[in-house]
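Enquirer: One structure, pasted below without further comment.
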Amino acid sequence: MATAARNPIDVPSRAVEGLLLFFLASAVAGAAYAFDFAGGLTVLSRFAPAPHRAGMVSGGYLVGYVAQGIGVPAPGTVVTAHGLMAGPVTGAAVLGGFFVLVAVVGLVVLTPLHRADREAARPAPAPVREPARTDSA
């Protein structure tokens, strides 16, 4: 702190360095979000039947924007009511719980489907042929 007081040019240079880092991190996060969103739309459009493709993509947009519309103001409300550290901690706990719930529901739903697919793919056992009977007694 004493060094910054002796060198007044050091404070603005650190601020510019922090600002450049902020813009770089924002650009990287924005690119990652774009790839993530494009990947989701690709999955929706690839597996949707042609007559329902537009509806599926529209539904994907709707779900995404509703999730953002709920997920962004909620931590802001927590921060306003309980302080700055409570927002990220509460958000991390809620999102962590949500992801665990999604994983459990996914396993519960997909395990029987996977089991049924495996049983359907298993070849049927060959019929057992009984030996021919001879009545020579």
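Enquirer: With log10 I(q)/I(0) by the Debye sum over Cα atoms at q = 0.08, 0.10, 0.20, 0.21 Å⁻¹ as the read-out, I listed [x] -0.52, -0.70, -1.32, -1.33; [y] -0.39, -0.59, -1.09, -1.12; [z] -0.20, -0.31, -1.18, -1.29; which label goes with the value calculated from this structure?
Expert: This structure yields the entry labelled [x].
Enquirer: Under a Cβ-only charge scheme (Lys and Arg +1, Asp and Glu -1), can you give me the dipole magnitude of the chain about the Cα centre, in debye to the nearest 20?
Expert: 160
Enquirer: Same structure again: How large a share of the accessible area of the chain, in percent, is made up of carbon and sulfur atoms when the probe is 1.4 Å and the other protein chains stay in place?
Expert: 72
Enquirer: Ranked highest first by the average count of other Cβ atoms within 10 Å around their residues, in what order do 129-135, 78-84, 107-113 fall?
Expert: Answer by packing, highest mean first, reads 78-84, 107-113, 129-135.
Enquirer: Also, I was wondering about something else. Relative contact order for the chain using alpha-carbon pairs under 8 Å, separation at least 6, rounded to a whole percent?
Expert: Answer for the chain is 8 percent.
Enquirer: DSSP H helices in the chain with Cα extent of 20 Å or more along the helix axis and mean Kyte-Doolittle hydropathy at least 0.0?
Expert: Counting only whole DSSP H runs, the qualifying helices are 10-47, 53-71, 86-121.
Enquirer: For n ≥ 4 DSSP H runs only, could you compute -39500 (n - 2.57) per run for the chain, divide by its residues and tell me the 222 nm figure to the nearest 500?
Expert: Value at 222 nm, helices only, nearest 500: -27500 deg cm²/dmol.
The values are calculated or read from the model by the stated rules, or taken from the named source; none is laboratory data. Please read all numbers here as calculations on a predicted model, not as lab measurements. When we count neighbours, we look across all protein chains shown, and the Cβ atoms used for this are built from the backbone with ideal geometry, even at glycine. For accessibility, only protein heavy atoms count, side chains too; no ligands or nucleic acids. Shrake-Rupley method; radii C 1.70, N 1.55, O 1.52, S 1.80 Å.
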